[in-house]
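> Let me begin by handing over the structure; questions about it come next.
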Amino acid sequence: MAQSANDKPLGPGARVELLFMRMIPLRDGTRLAADVFLPRERSGGVPAIVEFTPYSRDTGSPEGVRFAEERFAFVSVDCRGRGDSEGEFQGHHAGEADDGHDLVEWVAAQPWC
């Protein structure tokens, strides 16, 4: 997998690849900000763990590294209107289930999953 300008190299010999601030499109055009931690050495897809939080996706960093080292993808996502995600934060709003559904569909469609 090639690195883009949004990818943070973790140094020589790192066992984890970080895809920083991926913008995940939702059905209404809003985009959610996510950091994706992946095992550097993988063939085919790996299982994914998703953290969908109003607090800050940055708090998932220690877990993301640990899970990626254990050969899982870890996706930490700012919910709508929080952190770097677009939209208006409304707490536990009725559309949050749709946001979660779209998020899981996006993760499942990625070549690393």
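The values are calculated or read from the model by the stated rules, or taken from the named source; none is laboratory data. What you see is a predicted model, and the numbers here were worked out from it, not measured in a lab. A quick note on method: Cβ atoms are made from the backbone with ideal geometry, for glycine too, and the neighbour counts reach across all protein chains shown. For accessibility, only protein heavy atoms count, side chains too; no ligands or nucleic acids. Shrake-Rupley method; radii C 1.70, N 1.55, O 1.52, S 1.80 Å.
> Can you work out which of the residues in segment 25-46 that are modelled with pLDDT of 95 or more and among the basic types (Lys, Arg) is nearest to Ala97 (Cα to Cα)?
Looking at the filtered set, the residue picked out is Arg27.
> Now, a different point. Determine whether segment 47-65 contains at least one residue that is under 19 Å from Arg15 (Cβ atoms), at pLDDT 95 or above and surrounded by fewer than 16 Cβ atoms within 10 Å (Cβ to Cβ).
Within segment 47-65, one or more residues are under 19 Å from Arg15 (Cβ atoms), at pLDDT 95 or above and surrounded by fewer than 16 Cβ atoms within 10 Å (Cβ to Cβ).
> Same structure, new question: Just give me the residues in segment 38-69 being assigned to a loop (DSSP other than H, G, I, E, B) and not basic (Lys, Arg), in sequence order.
Glu41, Ser43, Gly44, Gly45, Val46, Pro47, Pro54, Tyr55, Ser56 - these are the residues of segment 38-69 that are assigned to a loop (DSSP other than H, G, I, E, B) and not basic (Lys, Arg).
> Residue by residue through segment 29-64, note down the ones that are free of Cβ contacts under 8 Å to residues at least 40 places away in the same chain, among the acidic types (Asp, Glu) and farther than 17 Å from His92 by Cα.
Listed by number, the residues that qualify are Glu41, Asp58, Glu63.
> Is segment 72-85 home to any residue that is over 15 Å from Pro25 (Cα atoms) and in contact with a Cys (Cβ under 7 Å, 6 or more places away or on another chain)?
yes
> Give segment 72-99 a look and list any residue that's assigned to a helix (DSSP H, G or I) and surrounded by fewer than 16 Cβ atoms within 10 Å (Cβ to Cβ), or say none.
The answer is Glu96, Ala97, Asp98.
> For segment 84-95, which positions are among the small types (Gly, Ala, Ser) and either farther than 15 Å from Ser56 by Cα or in contact with a Leu (Cβ under 9 Å, 6 or more places away or on another chain) (or both)?
Answer for segment 84-95, where residues must be among the small types (Gly, Ala, Ser) and either farther than 15 Å from Ser56 by Cα or in contact with a Leu (Cβ under 9 Å, 6 or more places away or on another chain) (or both): Ser85, Gly87, Ala94, Gly95.
> If you go through segment 23-46, how many residues are touching a helix residue (DSSP H, G or I) at 6+ places or on another chain (Cβ under 6 Å) and open to solvent by 70 Å² or more (accessible area, probe 1.4 Å)?
Going through segment 23-46 one residue at a time, the tally reaches 1.
> Within the group Arg71, Arg80, Arg22, which residue is in contact (Cβ under 8 Å) with a residue 24 or more places away in the chain and under 16 Å from Leu103 (Cα atoms)?
Arg80
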